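Below you'll find the structure, written out as structure tokens, and then a few comments.
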Amino acid sequence: MAKDPACLFFIDKWLLATKEMKPDCRGWYLNLILHQFDKGSLPADIEELANLADVRMSEFERFKQVFEQVLKQKFEQNSEGRLENSVAKEILKNREMFKEKRSFAGKLSYFLKFVKSKHQLNNGLEEFIKDNVVFDFDIKDEQVSEQVFEQIVELYTVNVNTSKNKKVTGNKIVVKDDFNF
């Protein structure tokens, strides 16, 4: 999936998290958060962090002091030894899930439009497609899409025929005895 060109920035959370920070500290913190949005995590090395925060050489000692006293508490070390802000990490995770859902919806819509242009679909088959198809194939390749659809129809037919030979009792599904093995 392509890299996200934007990040979600929650002003209320930012104002609350930076209320007592001095302007230079707030600017360094913002640069570090933006780099996390871009890279996913930050290095743990103070010199690399200063570089990412655009700290001038004359401000480096102040940055080290501010980082130890204020900014360090805003980040946690992950299993790879890199730093992450938990709020930014959660925003990135939620954004990734949102993009995956949108991607799935787009692929599903494209595939259903293709299938409906060539075949009649009943509601059950359409629901079966929505619930069971993983779009890890080139949906724009009509030959591949047609083959996938044929396999889906076979699976759906087996599923429907199996369901007709089941009886639900309480929380259990009981298969009828009229199968010959």
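Residues in the stretch 1-46 that are over 16 Å from Asn78 (Cα atoms) and among the polar types (S, T, N, Q): 2 in all.
Residues are listed down the side, and each one gets a yes or a no for (1) surrounded by 14 or more Cβ atoms within 10 Å (Cβ to Cβ); (2) over 30 Å from the mean Cα position of the chain (by Cα); (3) modelled with pLDDT under 90:
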{"position": "Gln73", "(1), (2), (3)": "no, no, no"}
{"position": "Glu76", "(1), (2), (3)": "no, no, no"}
{"position": "Leu92", "(1), (2), (3)": "yes, no, no"}
{"position": "Val158", "(1), (2), (3)": "no, yes, yes"}
{"position": "Asn165", "(1), (2), (3)": "no, yes, yes"}
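The helices (runs of 4 or more DSSP H) located wholly in the stretch 1-108 include none with 2 or more residues which are within 30 Å of Val133 (Cα to Cα).
The values are calculated or read from the model by the stated rules, or taken from the named source; none is laboratory data. Nothing here was measured: the structure is a model prediction, and the numbers come from that model. Glycine also receives a Cβ, built like all others from the backbone with ideal geometry; neighbour counts cover every protein chain displayed.
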